[in-house]
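Before any comments, here is the structure.
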Amino acid sequence: MSRLSVILCTRDPHLGRLARALAGLTAQDLFVSAWELLLIDNGSSPALSPEKLPPHPVNLRIVSEPIPGLTPARLRGIAEARGEIIVFVDDDNVLDPTYLSTALEAFRASPRLGAVGGPVRPEFETPPPGWAVEFLPLLALHEHGSAPLLATGGADAPWPVFAPVGAGLCVRRAHALDYAAALRLNPARTALDRRGGSLSSGGDNDLVFTTLRAGGDVAYLPALPLIHLIPDFRLQATYLGRLNHGIQRSWMQVLTLHHANPWPPLSPLGARLRIIKAWLRHLPPFSGPAAAIRWRGASGHFEGRISR
């Protein structure tokens, strides 16, 4: 059995960014016999095949998952993985050459460790406009200093601000299997992450929260850096507005799911009235792109609190 499985989910990838991601994996200092690479093709057209891919590690295996959405793709990867440790890599992530060996050693050194991530640093096609700087954390950029940080897992463990994001998320396979089992019991949780035109982004948090509440420690390690390749379209105000809405909405739903939401539930009417009030406060058509993005985030927050 491989000790570590890398799961890279993609659908109609940008071949330039995918080539960078695959090159980063090829450059890993961990022996290829110690890990496998599962590329989950989530309905690409045409379907991906080794000969159509940029240069890639020899231990790559392509797995098809026709059900659209990031969560179904990840669940297929979890089911196919042979390693004891799973590392989720996006098709625009470039891992540090020591990423996999460092992650594997961290899990070996700490049997209680359930999930870990590290700094996510940007590489922009062009510098972001000044108004966008406030919203760069929405792009999974993630850095919490030069010292390791650890949150102890437990049934009532609070959410740590340094919890790993989906880019480069490393999780013990036992916890990933528990998460998959929980989603089989509650399939609605698959809607917490991206699917079609939705920019919901709660699946990462759901997986980490599930791990934490099952007793797995959650850590931030500065020795696990990666580069996030960010194309220009992700700095457009319309995209950032949709992203802020999806993130805030799904985060409220994750908090409620794990009985950790400090905000009370809302009725549909109550949410609507708050959204109107937020519009009057931000006046998005007249106050510039930052105000519009903030309003979309507020709308997502209130919608995510609607009781079901």
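Modelled spin-label separation between Asp156 and Ala223, with each label point placed 7 Å from Cα along the Cα-to-Cβ direction: 3.5 nm.
Based on Cβ point charges of +1 for Lys and Arg and -1 for Asp and Glu, what charge dipole magnitude is obtained for the range 1-143 about its Cα centre, in debye rounded to the nearest 20?
380 debye
How much net charge surrounds Asp92 when only the other residues with a Cβ under 14 Å from the Cβ of Asp92 are counted, with Lys and Arg +1 and Asp and Glu -1? Could you put the intermediate results ahead of the total?
On the way: positive: Arg11, Arg17, Arg20, Arg121, Arg194, Arg234; negative: Asp12, Asp90, Asp91, Glu123, Glu125, Asp232.
Residues close to Asp92 contribute a combined charge of 0.
Computed extension length for Arg61-Ala191: 44.1 nm, one decimal, from 0.36 nm per residue of separation with the Cα-Cα distance subtracted.
Just checking the listed ones, Gly215, Gly16, Gly196: in the Gaussian network model of the chain with Cα springs under 10 Å, the one fluctuating most is Gly196.
Under a point-charge model restricted to the Cβ atoms of Lys and Arg (+1) and Asp and Glu (-1), what is the dipole moment magnitude of the chain relative to its Cα centre, in debye to the nearest 20?
In debye, rounded to 20, the chain gives about 1100.
Can you tell me how much longer the chain between Lys277 and Leu177 gets when fully stretched, taken as 0.36 nm per residue apart minus their C-alpha distance, in nm with one decimal? Length gained between Lys277 and Leu177: 31.7 nm. When the label point is put 7 Å from the Cα of Arg308 along its Cα-to-beta-carbon vector, which residues of the range 228-256 have a backbone N closer than 13 Å? Hits in the range 228-256 for Arg308 at 13 Å: 250-256.
Kindly state, to the nearest 0.05, the FRET efficiency for Ala27 paired with Ala260, given R0 = 45 Å and r defined as their beta-carbon distance. Display every interim value, and only then the final one.
Numbers: r = 39 Å, r/R0 = 0.86.
Once the sixth-power term is evaluated, E becomes 0.70.
Comparing Val32, Leu212, Leu183 along the charge dipole axis of the chain, the residue lying farthest to the positive side is Leu183, per the Cβ-charge model. Full extension of the chain between Ser146 and Thr238 yields a length gain of 29.7 nm, computed as 0.36 nm times the residue separation minus the alpha carbon distance. Taking trypsin sites (Lys or Arg not before Pro) across the range 228-282, none is in a DSSP loop with at most 15 further Cβ atoms lying within 10 angstrom of its Cβ. Highest mean packing comes first when the peptides 106-119, 83-96, 176-189, 257-270 are listed by Cβ atoms within 10 Å, giving 83-96, 106-119, 176-189, 257-270. In the range 4-230, a dipole from Cβ-located charges (positive for Lys and Arg, negative for Asp and Glu) runs towards its positive end, and of Ile78, Gly197, Leu15 it is Ile78 whose Cα lies farthest in that direction. Build a GNM of the chain with springs between Cα atoms under 10 Å apart, and of Pro164, Pro66, Pro50 the one that fluctuates most is Pro50.
Coordinate-derived values only; no laboratory data. Just so it is clear, the structure is predicted and the values come from calculations on it, not from any experiment. Ideal geometry is used to build each Cβ from the backbone, glycine not excepted, and the neighbour counts take in all protein chains shown.
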